[in-house]
Amino acid sequence: MKAIMLMFDSLNKRLLSAYGSDRAITPNFQRLKERTVRFDNFYVGSMPCMPARRELHTGRYNFLHRGWSPLEPFDDSVPEILKKNGIHTHLVTDHKHYWRDGGATYHSRYSTYEFIRGQEGDAWKGVVAKPTYCYTSGEPEEIKQRRITSRVQHQINVQYMKNEDDHHLARTINKGLAFIDTNHASDNWFLQLECFDPHEPFFVPEKYLKMYGIEDPSLFDGWPPYYLVTESAERKALIQKYYMALLTMVDAYVGKVLDYMDRYDLWQDTLLIVNTDHGFLLGEHEWWGKNIMPLYNEVANIPCFIWHPQYGCAGESRQALAQTVDIPATLLDSFGLEKPEDMQGVSLLPALRDDTPVRDYALFGYHGCHINITDGRYVYMRAPVVQGIDDLYEYTLMPTRINRRFTPNELQGMTLHPPFRFTKGCHVMKIPAQSIMTCDVDRFGHRLYDLAADPMQKTQSHEESAARRLCDNLIAMMRESDAPAELYPRYGLDNTQSPLLGHDPHLLPELAAFDPQVRYGLFALLQHLESSGQHALAEALLSASKPDWTQENLWAFVHNEVAQAQHQGVYYKMALEMRLD
């Protein structure tokens with residue numbers, strides 16, 4: 001057996017022709033669809049970049065215990081397992097996070113590896129006289145300062161990539177193809193060919209920009225703001241075109257890999273997986289990027305294509321629910337190896353064969369933000385019910401973040417925590433969390449979406465039975481993951497029974513007799529009062545409210561009891577929840 005995993009970063013499924021879109025030029029993804037099995041209900045797990053890659057090694061959720069993380073001493077790494085069983089594993093990538101502090105333990109799990117330099121402000125070319133960078137985005141100051149260094153270095157790096165052959169995407173794919181050239185006649189190898197594109201910055205050769213009517217490459221610097229959409233419709237469309245132009249370049253290089261599959265007839269003996277770590281918001285839901293906002297399906301429901309020579313089924317699609325955490329078990333199964341005891345993911349080969357369901361639910365999220373669960377029909381998002389991160393910790397033996405070590409100050413509050421079930425008897429450090437992503441995350445509230453009725457997730461669903469079922473199973477999956485005890489009260493959950501009442505309109509049976517609009521208006525008002533520390537007023541509202549209340553009673557309570565400065569925001573939140581159509 002041989003295997004190739006062709007992986008991209010930030011691939012928006014809804015722009016691919018293989019998933020029915022005609023917005024971007026992607027003929028090779030269409031060609032890929034015709035030669036493989038397309039998965040339609042494939043979800044992320046731990047977010048974003050390196051948490052997803054840790055899952056690709058370990059096959060288990062890690063976002064409940066840590067954010068951005070290296071591989072831990074107790075982690076099982078599938079490339080390393082393959083290597084120890086006589087299968088040569090080779091990594092080719094331009095994903096710069098592998099050589100930052102927070103990703104430093106990944107590459108050495110492979111038999112061999114090759115890095116391509118220059119992506120996303122990679123500290124590559126040394127130029128002392130720095131170019132200036134004019135920053136006009138509406139992002140918060142803290143995020144702005146963190147990004148400027150990458151943008152300046154990017155301006156330096158691209159000076160060394162004048163031609164398409166110099167582009168990091170071209171160099172990455174070509175290095176992977178060179179491995180195939182050398183080893184196509186050999187057996188027992190795994191190639192992870194991993195490209196950072198179409199992740200920002202959207203650095204695109206002019207010929208692809210011209211396909212979208214862009215004659216001047218300087219119209220946009222390639223960096224979407226990771227913030228609310230504040231741009232004009234014209235500017236928004238321009239940014240989208242830059243992404244689509246880069247996506248078209250990605251598509252061209254997908255075609256080169258397919259050419260090699262054809263040239264050496266690898267379809268006969270080679271597993272092919274084409275996947276991504278997550279999607280990307282391009283103005284949908286009025287957001288750019290990822291990380292801050294709820295995990296809408298533009299980010300969470302991702303493309304995945306698999307070809308297995310034993311099962312065939314080219315051109316077919318699968319509805320079985322699957323996610324990133326299942327890929328490691330699938331690789332091991334394909335090579336005839338047993339998965340480790342701690343691996344939570346399941347092999348997708350039964351689903352690949354005949355769409356046999358392999359899981360009932362998929363859990364996903366960012367550390368400290370929404371904990372999300374889906375059954376493929378509904379998506380339920382459970383928000384923290386408290387503000388801040390005083391109750392949030394990271395559990396690790398590798399205290400590094402995305403691009404630095406933990407500081408001595410961050411380690412001052414560290415304590416030693418007893419082993420989790422998956423740490424192989426090792427105690428771990430329990431360190432107070434520090435993350436801008438978790439600030440005010442409770443403001444988004446709990447959410448439920450019915451993807452059958454509302455695939456674009458424009459209006460929240462109010463199916464109480466679905467919410468309760470999903471929330472119960474969310475708790476069960478947290479228990480299976482040995483989630484830290486403090487997460488249950490953080491999210492208003494009970495580790496021993498069903499969800500705690502309060503904070504979630506879907507889980508408030510004592511309000512069942514209320515008119516639906518009043519019930520959800522009450523929810524929005526209660527959530528505002530609780531999250532802003534007005535607990536006594538929330539209790540007063542619950543005591544005063546009656547099943548015969550109308551909307552007028554709600555407005556009167558706000559007018560008489562809530563501070564006037566809060567009225568506008570409260571009315572807006574209530575109006576959103578009370579929109580039941």
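Some values worked out for this structure:
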{"read-out": "Fewest-first ranking of His154, His427, using other Cβ atoms within 10 Å as the exposure measure", "value": "His427, His154"}
{"read-out": "Proximal charge balance of Thr400 [Cβ under 9 Å; K/R count +1, D/E count -1]", "value": "+3"}
{"read-out": "Expected 222 nm ellipticity per residue - DSSP helices of 4 or more, -39500 (n - 2.57), all of the chain, to 500", "value": "-9500 deg cm²/dmol"}
{"read-out": "Order of Ser150, Ser21 under a 10 Å beta carbon neighbour criterion, fewest first", "value": "Ser21, Ser150"}
{"read-out": "Nearest 10 degrees, 0 to 90: helix 516-531 Cα axis against the chain principal axis", "value": "80 degrees"}
{"read-out": "Of (i) 1.45; (ii) 0.98; (iii) 1.11, the label for Cα Rg over 2.2 N^0.38 Å derived from the coordinates", "value": "(ii)"}
{"read-out": "Mean Cα-pair separation over length for the chain, i.e. relative contact order, pairs under 8 Å, 6 or more apart, %", "value": "19 percent"}
{"read-out": "Proximal charge balance of Tyr378 [Cβ under 9 Å; K/R count +1, D/E count -1]", "value": "-1"}
{"read-out": "With Cα atoms, 0 to 90° folded angle of helix 567-577 axis to the chain main axis", "value": "70 degrees"}
{"read-out": "Ranking of Lys96, Lys210, Lys458 by count of other Cβ atoms within 10 Å, fewest first", "value": "Lys458, Lys210, Lys96"}
{"read-out": "Size of charge dipole - the chain - debye, nearest 20, with Cβ of Lys, Arg +1 and Asp, Glu -1, no other charges", "value": "1220 debye"}
{"read-out": "Helix 233-263 vs. the chain, principal-axis angle (Cα, 0 to 90°, nearest 10)", "value": "40 degrees"}
{"read-out": "Size of electric dipole in segment 508-581: Cβ of Lys, Arg +1 and of Asp, Glu -1, about Cα centre, debye, nearest 20", "value": "140 debye"}
{"read-out": "Within-12-Å neighbourhood charge of His97 [Cβ basis; K, R +1; D, E -1]", "value": "-2"}
{"read-out": "Entries of Lys175/Lys207; Lys2/Lys175; Lys2/Lys162; Lys458/Lys546; Lys175/Lys290 with Cα pairs more than 26 Å apart", "value": "Lys2/Lys162; Lys458/Lys546; Lys175/Lys290"}
{"read-out": "Relative contact order %, segment 508-581, counting alpha carbon pairs below 8 Å whose residues are six or more apart", "value": "50 percent"}
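We did not get these values from a lab; they are worked out from the coordinates using the rules stated. Model, not experiment: these values are computed from the prediction. Counting neighbours? That spans all protein chains shown, and the Cβs are built from the backbone with ideal geometry, glycine included.
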